[in-house]
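Visitor: Take this structure first; my questions come after.
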Amino acid sequence: MPFAVPGTLAAPGKGHGKSRLYVLDGLRLVAALMVLAYHYITLRDGWGNDPHAISPTLYHVSQFGWLGVEVFFLISGFVICMSTWGRSLGDFVKSRVSRLYPAYWVGVLLTAAVLTIWPHVRSADNLETVLTNLTMLQQGVGVSDLDDVYWSLFIELKFYLLFALVVYRGVTYRRCVLFCGLWTVAGVVALKANSNFLSVWAIAPYSPYFIAGIAFYLMHRFKPTLLLWAIVAVEFLLAQHYVRGRLIMNVGAKASMAHGWPARVGVILAFAVMAAIALGVFDKVQWRWLVTAGSLTYPLYLLHMYIGFTLIDVLRKHVPAPVLLLAIVAFMLLLSYAVHRLVERPLGKWLRDGIQKGLQEMRRNSKSQAASESDTGRRDPEGPSNAVVDTYRVGTQRPSR
């Protein structure tokens, strides 16, 4: 997904107690709806022609909905830093796996089923593609994404692996700042270094958002400083540098006709909202319904694209376009809620418990092995064991009189 998938949005920071940041839940849903609008209104898939006829105004606005991905990455940097504070690497792995995979598996299987039964917009390719996609590692082994939205999940995974280095050592203020600095440098020098390995891990077009999110959380947990504002400023300028390329990537040939300033304004607004969250402007927002709204975000993102395109293709000749669009959005929200309640919750708990037991077993056996090796190390590998020596000494002692 192209966004944060936190296990919790509680912020145990200075001056904030342990209150949940409800506004992040709402912001996640807004970002998801931005991406959904971009796909359903701007792209031709499903409609059979340019969907400009739905509404010229909506069309021009929605063509910048891809910025929802950037918003998700900002949130991800903030939330991952927040949720890993004071936790072990095992806790981090358990949290990410149990949160990412349940809804993703359902998304892959449902999308594959729909594209197999109704291959009008796109086919499911073959069984190998579907099975490989279930790992979420398909891009790493050169297999195409079953659904185009999965591209961002691999970006998220790389961020998690990089930040796991910080979690392994223990998340601290200093290590987070050092991580931000090193990742920024890696992104800047990746192209000039002519290193594919560095480019793959630097993910320069997107790293500014993750890094800025981390800096914003440090502001929220502690206090704003010139150092943290400097990090945010550098990442903001780098993000602006990549806006044009992202516009071409998402609008294609229309990029030459599209004005770039709305996208740049969108990035400004995203950073401004995150800055307001970091400074505690929205701390008093306590609307509990936002928790439910936020829980729909990940399933909605995973399910909406090609299932929605297929429904549009099947029904567009029978239902007016505006009505069909609203109906499909409503259906996707309901489907997302069902996946969250019926799959994410129970399967996520099962995965957490299973991983926890696996980690405990690993630690227990590792301690037993270490104890066994330590005991073996006390013995002389070149001579008789201590026990044999002791026996020999006892046997040769002169009996006392």
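The values are calculated or read from the model by the stated rules, or taken from the named source; none is laboratory data. Here the structure is a predicted model, which means the values were calculated and not measured. We place every Cβ from the backbone using ideal geometry, glycine too, and count neighbours over all the protein chains shown. To get the accessible areas, we keep the full protein, side chains included, count just its heavy atoms, and leave off ligands, DNA and RNA. Shrake-Rupley method; radii C 1.70, N 1.55, O 1.52, S 1.80 Å.
Visitor: Please give the helix 151-169 orientation as an angle from the longest Cα principal axis of the chain, in degrees from 0 to 90, rounded to the nearest 10.
Guide: 30 degrees
Visitor: Give me the angle, in degrees from 0 to 90, between the Cα long axis of helix 89-117 and the longest principal axis of the Cα atoms of the chain, rounded to the nearest 10.
Guide: On a 0 to 90 degree scale, this one is about 40.
Visitor: Only helical DSSP H runs with n ≥ 4 go in: add -39500 (n - 2.57) per run for the chain, normalise by residue count and round the 222 nm mean residue ellipticity to 500 deg cm²/dmol.
Guide: Rounded to the nearest 500, it is -22500 deg cm²/dmol.
Visitor: Now a separate question. Can you give the convex hull volume of the alpha carbon atoms of the chain per residue, in Å³?
Guide: Value for the chain: 221 Å³ per residue.
Visitor: Say R0 is 51 Å: what FRET efficiency, to the nearest 0.05, do TRP229 and LEU326 get from their beta-carbon distance?
Guide: Numbers: r = 42 Å, r/R0 = 0.82.
Computed FRET efficiency for TRP229 and LEU326: 0.75.
Visitor: Could you sort the peptides 146-155, 242-251 by per-residue average Cβ neighbour count (10 Å cutoff), highest mean leading?
Guide: Values: 146-155: 19.9, 242-251: 17.0.
So the peptides 146-155, 242-251, ranked by packing, come out 146-155, 242-251.
Visitor: On C-alpha positions alone, give me the angle between the axis of helix 207-221 and the longest principal axis of the chain, in degrees, nearest 10.
Guide: Roughly 70 degrees between the two axes.
Visitor: Separation between the VAL188 and THR116 pseudo-spin-labels, each 7 Å from Cα along Cα→Cβ, expressed in nm?
Guide: Result: 5.1 nm between the two label points.
Visitor: Computed over the Cα atoms of region 27-94, what is the ratio Rg over Rh, Rh following Kirkwood? The partial results should precede the final answer.
Guide: Numbers: Rg = 17.2 Å, Rh = 13.9 Å.
Radius of gyration relative to Kirkwood radius: 1.24.
Visitor: Now, a different point. Keeping every protein chain present and rolling a 1.4 Å probe, give me the accessible area per residue for the chain in Å². Don't skip to the end; give the middle numbers.
Guide: Working: 20100 Å² over 401 residues.
With all protein chains present, the chain gives 50 Å² per residue.
Visitor: Here is a follow-up. Among the listed pairs LYS284/LYS349; LYS223/LYS349; LYS94/LYS158; LYS223/LYS284, give every one whose C-alpha distance is greater than 27 Å.
Guide: Numbers: LYS284/LYS349 30 Å; LYS223/LYS349 35 Å; LYS94/LYS158 16 Å; LYS223/LYS284 18 Å.
Beyond 27 Å between Cα atoms: LYS284/LYS349; LYS223/LYS349.
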